[in-house]
1. Does the range 65-98 hold any residues that are assigned to a loop (DSSP other than H, G, I, E, B) and touching a helix residue (DSSP H, G or I) at 6+ places or on another chain (Cβ under 7 Å), and which are they?
2. Do you know which residues across the range 103-149 are in contact with a helix residue (DSSP H, G or I) (Cβ under 7 Å, 6 or more places away or on another chain) and at positive phi?
3. Restricting the search to the range 27-47, which residues are surrounded by fewer than 18 Cβ atoms within 10 Å (Cβ to Cβ) and more than 20 Å from residue 156 (Cα to Cα)?
4. Determine which single condition residue 57 fails, assuming it passes every other condition in (1) in contact with a helix residue (DSSP H, G or I) (Cβ under 7 Å, 6 or more places away or on another chain); (2) surrounded by 17 or more Cβ atoms within 10 Å (Cβ to Cβ).
5. Quick check, is residue 140 under 21 Å from residue 90 (Cα atoms), assigned by TED's automatic domain parsing to the domain that holds residue 102 and in a helix (DSSP H, G or I)?
6. Would you say residue 118 is buried (at least 17 other Cβ atoms within 10 Å of the Cβ) and modelled with pLDDT of 95 or more?
């Protein structure tokens, strides 16, 4: 089948590779930004035709897509809402791949929110595009268990791989005129991560801090302050050992920081103005001391 692919972020990487291996990708449309998108870099590597635009709903873009006469239009991790003028072009259908089990976690940050909320299960969903965001009829779902220490970056890659395979099956169903089923169940939302949510509150529970750290790793990163500078924490472990004042370092060997109900062991971080490093490298370079306070 001939398809047009809309995508920008890293979640769309494996689906695009998968689709290009089995179907004709007539055009890839990505967001125009200051830096080259993940999808744009991949297109250059694979030799796929690429169009970068800040507005996919412009008449010239619609004309280009219409002249290609695609069978399928695929959207994932794109960031723009497509108008009916685009959605209605393909011969068979316009599909979206979303990294959650819809109708749970509709919105911009479903993977991060699932980890932040300590969900044990998530997945990917394919659905037919409609006027309403993430509300179209469902084609297929594929659930998966979230690893107890899995980060956003790790889970995104895994869901991307699952999603690529699910898209192939979904396109086959669309070719057989499958119309999908309506979304049922409790609806929840996954709004974009706000800047203020990234700050670690040490008076919270160790488990909540761990979930926040892993949900925002590797980017944008949950942060605290240390010696007057920002410290982004990328991986850690909730520890039952109790401490004193929240934020206080209670063990400089294991890099344990006191929390509201125990302590949190920092395993990986990125100090302001430096590179990502292990706790061991941080201890050698910064020599944190017991009783120093983070987030002060």
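1. Here is the first cut: in the range 65-98, the ones assigned to a loop (DSSP other than H, G, I, E, B) are 69-71, 76-83, 88-92.
Residues satisfying the conditions are 76, 77, 89, 92.
2. Listed by number, the residues that qualify are 105, 118.
3. 32, 33, 34, 35, 44, 45, 46, 47
4. (2)
5. Numbers: under 21 Å from residue 90 (Cα atoms): yes; assigned by TED's automatic domain parsing to the domain that holds residue 102: yes; in a helix (DSSP H, G or I): no.
Here the answer is no, as residue 140 does not meet what is asked.
6. So residue 118 fails the test.
A quick yes/no check of all residues on (1) touching a helix residue (DSSP H, G or I) at 6+ places or on another chain (Cβ under 9 Å); (2) buried (at least 18 other Cβ atoms within 10 Å of the Cβ); (3) assigned by TED's automatic domain parsing to the domain that holds residue 132; (4) closer than 30 Å to residue 139 by Cα:
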{"residue": "183", "(1), (2), (3), (4)": "no, no, no, yes"}
{"residue": "219", "(1), (2), (3), (4)": "yes, no, no, no"}
{"residue": "236", "(1), (2), (3), (4)": "yes, yes, no, no"}
{"residue": "243", "(1), (2), (3), (4)": "no, yes, no, no"}
{"residue": "252", "(1), (2), (3), (4)": "yes, no, no, no"}
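Conditions tested, residue by residue: (1) at pLDDT 95 or above; (2) within 22 Å of the chain's Cα centre (by Cα); (3) closer than 24 Å to residue 110 by Cα; (4) not assigned by TED's automatic domain parsing to the domain that holds residue 81.
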position	(1), (2), (3), (4)
10	no, yes, yes, no
15	yes, yes, yes, no
19	yes, yes, yes, no
22	yes, no, no, no
25	yes, no, no, no
31	no, yes, yes, no
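The values are calculated or read from the model by the stated rules, or taken from the named source; none is laboratory data. Everything numeric here is computed off the predicted structure, so don't read it as measured data. Ideal geometry is used to build each Cβ from the backbone, glycine not excepted, and the neighbour counts take in all protein chains shown.
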